[in-house]
Amino acid sequence: VQLQASGGGLVQAGGSLRLSCAASGSTFSINAMGWYRQAPGKQRELVAVISSGGSTDYADSVKGRFTISRDNAKNTVYLQMNSLKPEDTAVYYCNVGWGVGYNYWGQGTLVTVSS
């Protein structure tokens, strides 16, 4: 499975961005899809995840501001980020679960929120 993430960039605090991550290859066994982020000097953390059935879960820090969604026909997961804060600045990675016990990572897209 190959993952291509896009949509990062520079935005002012309070602004919005939409990240996309398209999967290709052996996509028939993809189950959960999610977004993680890693800020400078910090560990990678889960931002949001969506199951194959559409159930979602979010980190407390982004609840009410970020929305994860997926288009199964396009094998694509999205992350709508609103009311962005400087502390949201990080490299954002998409991740997909595949089969039993496997997962794949995208290349990362940088989100920078200026104050």
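Here are the numbers:
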| quantity | calculated |
| --- | --- |
| Of all residues in segment 62-74 being of a type in the set (Gly, Ala, Ser) and at negative phi, the one that is most open to solvent (accessible area, probe 1.4 Å) | 73 |
| Where a residue in segment 13-29 is under 17 Å from residue 94 (Cα atoms) and its partner, wherever it lies, is among the polar types (S, T, N, Q) and open to solvent by 50 Å² or more (accessible area, probe 1.4 Å), with Cβ under 6 Å and at least six apart | 18/80; 20/6; 22/4; 24/2; 25/2 |
| Within segment 75-103, considering residues that are modelled with pLDDT of 95 or more and open to solvent by 50 Å² or more (accessible area, probe 1.4 Å), the one nearest to the chain's Cα centre (by Cα) | 80 |
| Residue tally, condition surrounded by 14 or more Cβ atoms within 10 Å (Cβ to Cβ) and either touching a Lys or Arg at 6+ places or on another chain (Cβ under 9 Å) or within 12 Å of residue 35 (Cα to Cα) (or both), over segment 104-115 | 7 |
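The values are calculated or read from the model by the stated rules, or taken from the named source; none is laboratory data. Nothing here was measured: the structure is a model prediction, and the numbers come from that model. As a convention, Cβ positions derive from the backbone with ideal geometry for all residues, glycine included, and neighbour counts pool all protein chains shown. Quick note on the areas: whole protein, heavy atoms, side chains included, nothing else; ligands and nucleic acids left out. Shrake-Rupley method; radii C 1.70, N 1.55, O 1.52, S 1.80 Å.
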